[in-house]
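Beneath this line is the structure, given in structure tokens, with notes to follow.
The values are calculated or read from the model by the stated rules, or taken from the named source; none is laboratory data. It should be emphasised that the depicted structure is a prediction, and the values quoted were computed from it without experimental measurement. Positions of Cβ are generated from backbone atoms using ideal geometry, with glycine treated the same way; all protein chains shown enter the neighbour counts. With ligands, DNA and RNA removed, areas are computed over all heavy atoms of the protein, side chains included. Shrake-Rupley method; radii C 1.70, N 1.55, O 1.52, S 1.80 Å.
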Amino acid sequence: MIPAVFSETAPPETEYAESPPPAPLRALVRCLWRSAPSGPRRIVPDGCLDLVAGAGQVFVAGPDTGAWSSSTTPGAVLHGLRFRPGTAPGVLGVAADELRDTRVPLAELWGREGAVLAERVLEGRLSLAELVRGRPSEPDPAIMAMIEHLERGPSRVGALPAPPNERDPSPLATIPLPPGRRGPSPLDARQSPLGERQLRRRFTVAVGYGPATYLRISRFQRAIAAAPRTTGLAELAAVAGYADQAHLARDCRAFSGSPPGSYFS
């Protein structure tokens, strides 16, 4: 039996908390979460799609390109399942870029089946984890390897071009061989029979946007994670892999709507 959508070990007064997914879903799901916000919450892009239940609805939150404000009625509790980047389309049956910057009810996405499943989830007869487990999917290994490379820290990024907000780079052509492989990398657009354009399209369908945008979002998420351990914005920019503090400031405004001085405070 798959556990409920959120671990009961979390105290009910916790405003937001995450728990690991059940073992059978770990290749597809990053975490389960529970949110009981006391007011509007600003959500910034993280490259993920979420399946969300609460306040009388079940919906899919697509991959975001900018910040949005989540607000619910007082006392409402939301439960969510966060897909790993690149895995949701196989489960949902729709390309991630078609869901970009949208919130789509499950009934609208899957029709009658979605309406029935949503009703069962809201009545507590089906967890989000059970819903996803009933629609097995195998992630595209090439896309997952590309995502892993783009998410690596600045010391490993190597040849990836910087400030993608200033030009449209080609990260696909710079992804190195995975450890233990010989010969041309299947992820190298220069060696792939698909060509760079088709590789970009596959990535966009799986993730919701192209490699350059995903690289920017991953770098901003690294900055968020590193912020509590750094002493200033210049250090934060360096640790997260930005060219300089101004580069960090541009992406912070683009993804959070705020200057870094206020956002990271």
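So how many residues does segment 31-59 have that are surrounded by fewer than 15 Cβ atoms within 10 Å (Cβ to Cβ) and in contact (Cβ under 8 Å) with a residue 60 or more places away in the chain? Residues meeting the conditions: 2. Answer with yes or no whether Ala225 is assigned to a helix (DSSP H, G or I) and more than 25 Å from His149 (Cβ to Cβ). It is false that Ala225 is assigned to a helix (DSSP H, G or I) and more than 25 Å from His149 (Cβ to Cβ). Of the residues making up segment 122-142, not a single one is out of contact with any Lys or Arg (no Cβ under 7 Å at 6 or more places or on another chain), more than 28 Å from Arg26 (Cβ to Cβ), charged (D, E, K, R) and at pLDDT 95 or above.
Could you please find all residues in segment 191-227 being open to solvent by 50 Å² or more (accessible area, probe 1.4 Å) and under 24 Å from Gly261 (Cβ atoms)? Across segment 191-227, the qualifying residues are Gln221, Ile224, Ala225. Taken over segment 1-20, the residue count meeting the criterion of being modelled with pLDDT under 75 and either assigned to a helix (DSSP H, G or I) or surrounded by fewer than 13 Cβ atoms within 10 Å (Cβ to Cβ) (or both) is 7.
Which one of Ser185, Ser265 is more than 28 Å from Asp101 (Cα to Cα), modelled with pLDDT under 95, outside any helix (DSSP H, G or I) and not basic (Lys, Arg)? Unique residue meeting the criteria: Ser185.
Quick check, is Val94 among the β-branched types (Val, Ile, Thr), modelled with pLDDT of 95 or more and closer than 29 Å to Ala225 by Cα?
Considered against the rule, which asks whether it is among the β-branched types (Val, Ile, Thr), modelled with pLDDT of 95 or more and closer than 29 Å to Ala225 by Cα, Val94 comes out as no.
Restricting to segment 21-30, name every residue that is in a strand (DSSP E or B) and open to solvent by 20 Å² or more (accessible area, probe 1.4 Å). Matches in segment 21-30: Arg30 only. Among the residues of segment 228-262, none is identified as part of a helix (DSSP H, G or I), open to solvent by 20 Å² or more (accessible area, probe 1.4 Å) and touching a Lys or Arg at 6+ places or on another chain (Cβ under 7 Å). Of the residues making up segment 100-116, those that are within 22 Å of Asp64 (Cβ to Cβ) and open to solvent by 70 Å² or more (accessible area, probe 1.4 Å) number 4.
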